[in-house]
Structure formats: C-alpha cells, structure tokens
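The values are calculated or read from the model by the stated rules, or taken from the named source; none is laboratory data. Every value quoted in this text rests on a predicted model; they were computed, and no experiment measured them. Counting neighbours? That spans all protein chains shown, and the Cβs are built from the backbone with ideal geometry, glycine included.
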Amino acid sequence: MPEFLPLPPVGRQFTGGQSVRLGDTDPEGRLRPDAAARYLHDVANDDWDDTGVDTGEMWVLRRTAMRLGLAGRWPTLGNQVEATTWCTGMGAAWAERRTDLLVGGTVLVEAAALWVPLDRTGRPRRIHEEFKRVYGESAQGRKVSGRVASPPIPADAEYRPWPLRRVDLDVAGHVNNAASWTALVEAAVAPVRSAMLTHHASVEWGDTVTLATAPGHLWLLVDDQVRVSGTYQLQG
C-alpha cells in the first residue's frame, strides 16, 4: 500500500460533495468500493477542470488504494460525503493524488491514487510544467515511483468468466476504473477494510475476461495476461 499522507498546510486542495444514493450502496446500505472509486475519479476531474489549465492531455489511473479511517466504517445511504483532494507527489510521467471522503467532518475513507498523463495518441507523456505550477506546492517536492507490481496467481486460485457490459466503457473505449472495482465486490466475502487495484493494461470491449480470485487477492485476465490486479483486507 502507498503512504496515506495528511493534508499539507500549504498548496492547492479542492473539495466537492455528493450524497450516497441507492445506486451507490450494498444491501446493508454501505457505500460500495466501486462507487467510492467513482467519487474519487469525479472529484479529481472536477479539481483539474477547476484549475482552468488545458495541456491537451488525458489522465488515466494506474493504481488506486483505499482504506477506512479511524472510525472504521464506510459512508452509508443518505450520508452527505465531502471529498477533499490534493497532490502528494510527482515522478517523471506520473503524479500521486490523495483524497479523503468525510461525513460530518470525520474522515471515513482515505485514498491514494497514481495517475499517468497521456498525449492525444494515447502514449504516456512527461508531467507538464503547468501541472507542476498548480500542484507543486502541495506536493512539496516529494518524488513518487511509477513502478507497480502484480502478485503471482497461486495454483489454487478460482476462475470464473467476467462478462463485459457496454455501461462499463468510458469515452476512451476502455473499461472504466470504477467498473473494475466491481470485481472486488464480487471477490470479497465481507466488507473490506482496505483495498488496492492496479491497472497494468486496459480492458477493451470485445475482450474475453476472466476473474481469478484467491483469499485477499483478485486478477482480471485477458488471454492469460493480467490486466488488473487487486489486494484487499476484510473488516473484522
């Protein structure tokens, strides 16, 4: 798991909010991890739009980690969630973003995400100087690694088909990162305390996807290649 750094005393931060609605919750009324991932994605996009900067690039997620705060619970149906986000570090061609989800002033979910900018051809590009100008103060010169790893799949892992739906696709034609988190909802047998998903390559429409699971781990495979890997810990 990456570090979950606290909100810095200086630098840009952005806050947005939304209510937990029926489509966001599990049968017990808890916010689902895939809905939380959508909240994180939305506030990140809103933050970037609010800067007014247009560098002609598209940002994609490489890795997202979440964990429950000290309260030890997920937001629930009807809660008004306040999402505060800020930059916590940069590399040559990636940047890390922290986000806290708060209810009533209490941090219920902490998240750290690694984002990569792509040019108009879909290739990674170096961090733009305008990005450094906007987010450099909050990053405080911290360098982050862009390396990610996938744990090996054990011999006793269980496999099942993972059918794609058109509603899972984003504007790039890829399976959206939040849709990938639904695999965690299927794999975990109880509410999770922490989880991390890493995107090694995109999942495309028409791919035949297999979900592999082992206790505390999951993988989305296409032609035996790992496209997404995940780890998690259950509550309790």
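Here are the numbers for the structure shown:
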| quantity | calculated |
| --- | --- |
| Of all residues making up the stretch 186-220, the number that are in contact with a Ser or Thr (Cβ under 8 Å, 6 or more places away or on another chain) and either assigned to a strand (DSSP E or B) or assigned by TED's automatic domain parsing to the domain that holds LEU70 (or both) | 9 |
| Considering residues of the stretch 221-236 that are part of a loop (DSSP other than H, G, I, E, B) and in contact with a Pro (Cβ under 9 Å, 6 or more places away or on another chain) only, the residue modelled with the highest pLDDT | GLN235 |
| Count - residues of the stretch 95-135 that are of a type outside the set (Asp, Glu) and under 14 Å from the mean Cα position of the chain (by Cα) | 12 |
| Residue match in the stretch 10-22 (condition: basic (Lys, Arg), within 30 Å of ARG123 (Cβ to Cβ), in contact with a strand residue (DSSP E or B) (Cβ under 8 Å, 6 or more places away or on another chain) and in contact (Cβ under 8 Å) with a residue 40 or more places away in the chain) | yes |
| Selection from the stretch 58-73 of residues that are in contact with a Ser or Thr (Cβ under 9 Å, 6 or more places away or on another chain) and not in a strand (DSSP E or B) | GLY69, LEU70, ALA71 |
| Filter result (farther than 25 Å from GLY122 by Cα, among the β-branched types (Val, Ile, Thr) and part of a loop (DSSP other than H, G, I, E, B)) within the stretch 142-185 | ILE153 |
| Condition met for LEU114 (farther than 20 Å from ARG62 by Cα and assigned to a strand (DSSP E or B)) | no |
| Matching option when the condition is under 20 Å from TRP181 (Cβ atoms) and in contact with a Phe, Trp or Tyr (Cβ under 6 Å, 6 or more places away or on another chain), among THR64, THR85 | THR85 |
